[in-house]
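Peer 1: Dropping a structure here in structure tokens format, bear with me for questions.
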Amino acid sequence: MVDAEQARDRAEAAARACYGRLLAMLVAENHDVAAAEDALADAFERALRTWPVDGVPQRPEAWLLTVARNRRRDYWRSAAWRTSVPLDPQLDDLAAPPSEAGDRRLELLLVCAHEAIPPAMRTPLMLNTVLGYTAEQIGRAFAVPPTTMASRLVRCKKRIVRDRIPFAVPEDHELPDRLAPVLEAIYGAFSIEWPNLPRARQALILGLGEVVADVAPTSAEAHGLAAFMCLSSARLAGRVDADGRYVPLPEQDPDSWDASLISRGHSHLRDAHRIGEPGRFQLEAAIAAMHCARMPGGEVDWPVLRRLHVSLQRLAPTVGGAVALAAVVAETDGPRAGLDLLDQLDGADRYQPAWSTRASLLERLGRWDEAAAAYERAVSLSTDQAERDHLTRRRDGLAERRCADDSADSRDRVI
């Protein structure tokens, strides 16, 4: 027997690990996303009531699926269902456990990317149904009020039922267009919480990306996205030291990186290269691979990295990409050139990396007061505590570095 807290922990762990897969399997049976969500919610609620008494089942995922299916079967047999929906005999034979029924998440992602779903809602719908993000989380990420986002999600789920959107992988010639918003959804889910992505969520999203690459092996961008996520995740362990202090990428110890993830990333990148259709995610993966190739105490090949960033900005320009390019240009052409690029950038007033990069470049140029103001702005925009503390230390140490610089200048003048 386990206590209520342990049962809740096991139920929450099961939700993180298998919610999207279970929901996809339930939706595949009758296209009703809302009803599947209700049934699954009831199953998790029942787990919290019964597991402390009866014990946690050996196969929590199969238990939850069975309870959810039973809950829906009870509704299908009710008077309300019989008087409103024609009886489907197949609905009474749905006992296959998750391990035997296969992974239906790709089909659900493709349903969410169907042309009947408004383009602006495809990614939020995928994040909500398959990856488990709430309307509040998605609304915050997309700068939409949570209640508005919730209403839009409900309307989309009703449309899936109304239009009977096919729950299947489309023909090869249709797949690229349908796959693009799927890849954007996975990329969005990965980026929302990075670098503080919980390990369970990271494994789920990485797995989902590799599922798409496996099911769509001729999509170079699917492999590119999987490579990017693997290579980016590989460096997470080196981002903080044993005391929880932030370690900038150039100072990280490559031995702390995950070699298996780097290997998987390189494998996906090679698969993408063989297909020969360059794209945004492949360029991002190539950039991540360049950083992972750095040896202890070694240097990055900045000219090559600059070419990759220039290509990425031409293909898919973003504020984040422009800031990263400015940082690389500062390494090839000096901090003044990097700062000039930042000065030309619009829409970055509330973008924390733009201010931390600006502060670093101003410091290198000896513009101490401006650097202090930029560090202050970067600190105010930081949500990651380790990085916030690091920037605070950099700001507070400016006076000492300024004195050291002035002393060096004095010695040079004497000489």
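Peer 1: If you average the alpha carbon positions of the range 275-317 and of the range 336-359, how far apart do those two centres end up, in angstrom?
Peer 2: 20
Peer 1: A follow-up question, please. Taking amide H atoms as placed 1.01 Å from N in the peptide plane, list the residues 5 or more away in sequence, or in a different chain, whose amide H sits under 5 Å from that of V240.
Peer 2: V247
Peer 1: Give me the number: length gained by fully extending D301 to V319, i.e. 0.36 nm times residue separation minus the C-alpha to C-alpha distance, one decimal in nm.
Peer 2: 4.2 nm
Peer 1: How about the range 156-226: which GluC sites (Glu not before Pro) there lie in a loop by DSSP and see at most 15 other Cβ atoms within 10 Å?
Peer 2: Here the sparse-neighbourhood loop sites are E171, E174.
Peer 1: Below 12 angstrom from the Cβ of A327, what's the summed charge of the other residues (Lys, Arg +1; Asp, Glu -1)?
Peer 2: Overall, the nearby charge balance is +1.
Peer 1: What is the magnitude of the charge dipole of the range 318-414 about its Cα centre, with +1 placed on the Cβ of each Lys and Arg, -1 on the Cβ of each Asp and Glu, and no other charges, expressed in debye to the nearest 20?
Peer 2: 140
Peer 1: What FRET efficiency comes out for D253 versus R401 if R0 is 22 angstrom and r is the Cβ-Cβ distance? Round to the nearest 0.05. Don't jump to the answer; show the numbers that get you there.
Peer 2: Numbers: r = 24 Å, r/R0 = 1.10.
Result of the calculation: an efficiency of 0.35.
Peer 1: Treat the range 343-408 as a sphere of radius equal to its Kirkwood radius over Cα pairs and apply Stokes-Einstein at 20 °C in a medium of 1.002 mPa s; give the translational diffusion coefficient in µm²/s, rounded to a whole number.
Peer 2: Roughly 178 µm²/s, to the nearest whole number.
Peer 1: May I pose another question? Net charge around L391, counting only other residues with Cβ within less than 13 Å of its Cβ (Lys, Arg = +1; Asp, Glu = -1)?
Peer 2: Surrounding charge for L391 is +1.
Peer 1: May I ask you to list the trypsin sites (Lys or Arg not before Pro) in the range 151-221 that are in a DSSP loop and have at most 13 other Cβ atoms within 10 Å of their Cβ?
Peer 2: Working: sites: R152, R155, K157, K158, R159, R162, R164, R178, R199, R201; in loops: R164.
Here the trypsin sites (Lys or Arg not before Pro) that fit, given the DSSP loop and packing criteria, are R164.
Peer 1: Given a Förster distance of 45 Å, report the FRET efficiency between D384 and T50 from their Cβ-Cβ distance, rounded to the nearest 0.05.
Peer 2: 0.70
Peer 1: Can you give me the Rg/Rh ratio for the range 189-298, using Cα atoms for both radii and the Kirkwood formula for Rh?
Peer 2: 0.98
Peer 1: Give the carbon-plus-sulfur fraction of the accessible surface of the range 318-414 in %, rounded to a whole number; probe 1.4 Å, heavy atoms of protein chains only.
Peer 2: On the range 318-414, the fraction of accessible area on carbon and sulfur atoms equals 47 percent.
Peer 1: Label D172 and L345 with points 7 Å out from Cα along Cα→Cβ: what is the distance between them in nm?
Peer 2: Between D172 and L345, the label points sit 4.2 nm apart.
Peer 1: Enter the angle in degrees (range 0 to 90, nearest 10) between the Cα long axis of helix 259-275 and the first principal axis of the Cα atoms of the chain, meaning the one along which they spread out most.
Peer 2: Its long axis makes an angle of about 80 degrees.
Peer 1: Next up: So what is the accessible area of the chain per residue, in Å², with the probe set to 1.4 Å?
Peer 2: It amounts to 51 Å² per residue over the chain.
Peer 1: So how do D241, D177, D396 rank on accessible area, 1.4 Å probe, biggest first, that is with the largest at the start?
Peer 2: D177, D396, D241
Peer 1: Please check: in the Gaussian network model of the chain (C-alpha springs, under 10 Å), which one of A43, A242, A168 has the largest mean-square fluctuation.
Peer 2: A242
Peer 1: Treat every Asp and Glu Cβ in the chain as -1 and every Lys and Arg Cβ as +1, leave all other atoms uncharged, and give the resulting dipole magnitude about the Cα centre to the nearest 20 debye.
Peer 2: So the magnitude is around 780 debye.
Peer 1: With everything on Cα atoms, drop me the angle between helix 146-163 and the longest principal axis of the chain, reported from 0 to 90° to the nearest 10.
Peer 2: Tilt relative to the chain: about 50 degrees.
Peer 1: GNM on the chain, C-alpha springs below 10 Å: top fluctuator among S191, S311, S151?
Peer 2: Evaluated over the chain, the most mobile residue of the options is S151.
Peer 1: If you don't mind, another one. With everything on Cα atoms, drop me the angle between helix 60-76 and the longest principal axis of the chain, reported from 0 to 90° to the nearest 10.
Peer 2: Roughly 50 degrees between the two axes.
Peer 1: For the range 121-251, what Kirkwood radius comes out of the mean inverse Cα-Cα distance, in Å?
Peer 2: 16.4
Peer 1: Taking the Cβ-Cβ separation of D243 and R155 as r and a Förster radius of 45 Å, what is the calculated FRET efficiency to the nearest 0.05?
Peer 2: 0.40
Peer 1: Would you tally the net charge around V182, using a Cβ to Cβ cut-off of less than 12 Å, leaving V182 out, and scoring K and R as +1, D and E as -1?
Peer 2: The answer is -1.
Peer 1: Using a 10 angstrom cutoff on alpha carbons, build the Gaussian network for the chain and name the most mobile of A11, A359, A141.
Peer 2: Residue with maximal mean-square fluctuation among A11, A359, A141: A141.
The values are calculated or read from the model by the stated rules, or taken from the named source; none is laboratory data. What you are looking at is a predicted structure, and each value in this text was computed from that prediction instead of being measured. We place every Cβ from the backbone using ideal geometry, glycine too, and count neighbours over all the protein chains shown. Remember, those area values only see protein heavy atoms, side chains included, never the ligands or the DNA or RNA. Shrake-Rupley method; radii C 1.70, N 1.55, O 1.52, S 1.80 Å.
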